[in-house]
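**Q** My questions will all concern the structure given below.
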Amino acid sequence: MTGRKAAFLDRDGVINVDHGYVVDPASLDFIEGAAAAIRRLNEAGYLVVVVTNQSGVARGYFTEADVERFHDHLRERLAAAGAHIDAIYTAPHHPDGVIAAYRGDHPDRKPRPGMVLRAFADLGIARSGSFLVGDKPSDVAAAEAAGIPGHLFAGGDLDVFMTGVLAAAAEDPASKGDR
C-alpha cells in the first residue's frame, strides 16, 4: 500500500497573517479562508502538514517552547472551526543566528527540502498527489527540491486559492498513481 497524499502549507503568510516573527498566541490572525481551506483539505483526504521556518529562535527573539505554544493555540482555533493540522515541522535555524545551537543553514530551512522530506519519511506520505503552498519563492523551491509541485499564494482568500489548487491536482494524471 502506498502512502497518503499531503498538502504542505507554509505558516506565516499562508495560514496566518505575517506580522513579523509571529509567536504570541494573541497575535494569531488567520488569512481569509484559511480555516475553510484546511477543512476542505481534511475532507478531501489530504494530510495537512505545516512546514515553517522560524528563524526568530536562532535570532534569540523567542524559544522553541514559545513556537510550540503558538502552534497549540493555532490547532485549538482551527479545531473550533472544524479543521485540523496533522503535523507541524519547524526549522528554527538561520545562518546569522545568535543562538549557537541554531546557527547555520540547516537542511530543514527552506528553500532546502528537509522538512518536507522528513514528513514523507515520518508520515508515509506519497509524493504523487502531494503539493506545497507557500507565499515566498523559497517555499516553491523547497517543494520542487522535494519532488512535488509548489504553488505561490499571493494573498487573498486561501479557500478560493485552494479550490483551484485541488482542481488542478485532480486533473493531473500523475497524481492518480498512488490512490
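No value in this document is a laboratory result; all are computed from the given coordinates. Note that the coordinates shown come from a computational prediction; the quantities given were computed from them, not determined experimentally.
**Q** Can you give me the Kirkwood hydrodynamic radius for segment 103-173, using every pair of distinct Cα atoms, in Å to one decimal?
**A** 12.9
**Q** Something else about it: Scanning the chain for helices, which whole DSSP H stretches are 15 Å or more long along the axis (Cα) and average -0.5 or more by Kyte-Doolittle?
**A** Membrane-span-like by this rule: 158-171.
**Q** Largest first and to the nearest Å, give the Cα extent of segment 1-83 along each principal axis.
**A** 43, 28, 18
**Q** If you don't mind, another one. Over the alpha-carbon set of segment 6-174, work out the extent along each principal axis and list the three values in angstrom, largest first.
**A** 46, 33, 28
**Q** With a 10 Å cut-off between alpha carbons and a GNM built on the chain, which of SER55, SER130, SER27 moves the most?
**A** Sorting by GNM fluctuation, first place goes to SER27.
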